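Nothing in this text is a laboratory measurement; each read-out follows from the coordinates by a stated rule. No experiment lies behind these values; they were computed from the predicted model shown. FYI the Cβ positions are ideal-geometry reconstructions off the backbone, even for glycines, and counts take in every protein chain you see.
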Amino acid sequence: MQTVILPGGEAVPALGMGTWNMGEDPGARTEELAALRLGLDLGMTLIDTAEMYGEGRSEQLVGEAVAGRRDGVFLVSKVYPHHAGRREAVAACERSLRRLGTDRIDLYLLHWRGQVPLAETMEAFLALRAAGKIRHFGVSNLDLDDMQELWTVPGGRDVAANQLLYNLGRRGIEWDLLPWLREHQVPLMAYSPLEQARLLRRPSLAGFATRHGITPAQAALAWLLARPGVIAIPKSANRARVRDNAGALALRLDAAQLAELDTLFVPPAGPSALAMI
């Protein structure tokens, strides 16, 4: 399994699974559980969720999926910005732990920036880590200015990741934010790496995949896996997609293929506002 090294030295899978919108439809639950469990069997042992997803129902689904194999899974969850205060974050984390059926979250993220000062959120995260409730903490959807500010507050330099929208069609962060993250050794967790499947319908990607004997999903994910310090977390709501996604782990795009993708999905030519979904 390809891995990414967190700032503290721990290796985590470079390809995991997202769960946005999962756990909300009772009729889909059996297949969603089967998909998550298959992904774990195939080595995608990092699962990302959030208290926002289905107002906790996604966390409950993940907790059921990892029951009996918790120690082999790297769990990521996220706290609402309005729950990110020094007391509120502790209470929110406790609720997430109960829904997940575990005694610790491996990586706990601020979902996006709100009104709570970053210094207060870091204080809460440090307290949660000291209590053993979380093992690592980080952020999500923070732009360059946010990250530079975070670097000035106590605990800010301990962040283990920034989770961002990043895929072949959303490359704006490559201009300034991604170089900053690499310079400061902060891994990037790429959410919506397939743009909620919209990227797979792009004729340019479909043509590339056909020419190289792979699927569009595998091409898009292999491109991310070729980039240092990037963890991709495609949503995996059924077993067929899980198997397709996992196939990217066996691929290594060469320099010519990467250059071809650069002509099809052009890198940014200047700064832009941080993209979010």
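Being assigned to a helix (DSSP H, G or I), of a type in the set (D, E, K, R) and surrounded by fewer than 20 Cβ atoms within 10 Å (Cβ to Cβ) is a description that does not apply to residue 86.
The condition (being among the polar types (S, T, N, Q) and closer than 17 Å to residue 232 by Cα) is satisfied by just one residue among 3, 30, 102: 3. I'd like to know if the range 209-220 contains one or more residues that are in contact (Cβ under 8 Å) with a residue 40 or more places away in the chain and in contact with a strand residue (DSSP E or B) (Cβ under 8 Å, 6 or more places away or on another chain). Yes, that holds for at least one residue.
On the stretch given as the range 174-206, residues that are surrounded by 17 or more Cβ atoms within 10 Å (Cβ to Cβ), touching a residue at least 40 places away in the same chain (Cβ under 8 Å) and under 22 Å from residue 3 (Cβ atoms) total 10. Across the range 66-101, what is the number of residues that are farther than 14 Å from residue 55 by Cα, among the hydrophobic types (A, V, I, L, M, F, W, C) and in contact with a Gly (Cβ under 7 Å, 6 or more places away or on another chain)? Qualifying residue count for the region: 2. In this entry, residue 198 is excluded by the filter for residues that are over 28 Å from residue 139 (Cβ atoms) and not hydrophobic (A, V, I, L, M, F, W, C). Residues of the range 251-270 that are under 23 Å from the mean Cα position of the chain (by Cα) and surrounded by 16 or more Cβ atoms within 10 Å (Cβ to Cβ): 251, 253, 261, 265.
Only residues that are closer than 27 Å to residue 185 by Cβ and not small (Gly, Ala, Ser): list them for the range 217-244, please. Talk me through it step by step, then tell me what you get.
The initial filter retains those residues of the range 217-244 that are closer than 27 Å to residue 185 by Cβ, namely 220-234.
Residues satisfying the conditions are 221, 223, 224, 225, 227, 228, 230, 231, 233, 234.
Selection of first residues in the range 253-276 that are closer than 13 Å to residue 168 by Cα and of second residues that are of a type in the set (Lys, Arg) and assigned to a helix (DSSP H, G or I), restricted to Cβ pairs under 8 Å at least 6 apart or on distinct chains, gives an empty result.
Here is a list: 273, 217, 248. Which entry is under 27 Å from residue 141 (Cβ atoms) and loosely packed, with under 13 Cβ neighbours inside 10 Å?
Details: 217 fails: loosely packed, with under 13 Cβ neighbours inside 10 Å; 248 fails: loosely packed, with under 13 Cβ neighbours inside 10 Å.
Just one listed residue meets the conditions, 273.
The number of residues in the range 1-35 being among the β-branched types (Val, Ile, Thr), in a loop (DSSP other than H, G, I, E, B) and more than 22 Å from residue 221 (Cα to Cα) comes to 0.
Say whether the condition of being within 18 Å of the chain's Cα centre (by Cα), acidic (Asp, Glu) and crowded, with 17+ Cβ neighbours inside 10 Å is met by at least one residue in the range 10-23. Even if it seems obvious, please write down each step before you answer.
Filtering the range 10-23 for residues within 18 Å of the chain's Cα centre (by Cα) gives 10-23.
Right, trim to acidic (Asp, Glu) and you get 10.
Narrowing the set further to residues that are crowded, with 17+ Cβ neighbours inside 10 Å leaves none.
There is no residue in the range 10-23 that is within 18 Å of the chain's Cα centre (by Cα), acidic (Asp, Glu) and crowded, with 17+ Cβ neighbours inside 10 Å.
Residues in the range 89-108: is at least one under 29 Å from residue 248 (Cα atoms), aliphatic (A, V, I, L, M) and surrounded by fewer than 20 Cβ atoms within 10 Å (Cβ to Cβ)? So far as the range 89-108 goes, no, none of its residues is under 29 Å from residue 248 (Cα atoms), aliphatic (A, V, I, L, M) and surrounded by fewer than 20 Cβ atoms within 10 Å (Cβ to Cβ).
Only one of the listed residues (209, 226) is in contact with a Leu (Cβ under 6 Å, 6 or more places away or on another chain) and buried (at least 16 other Cβ atoms within 10 Å of the Cβ). That residue is 226.
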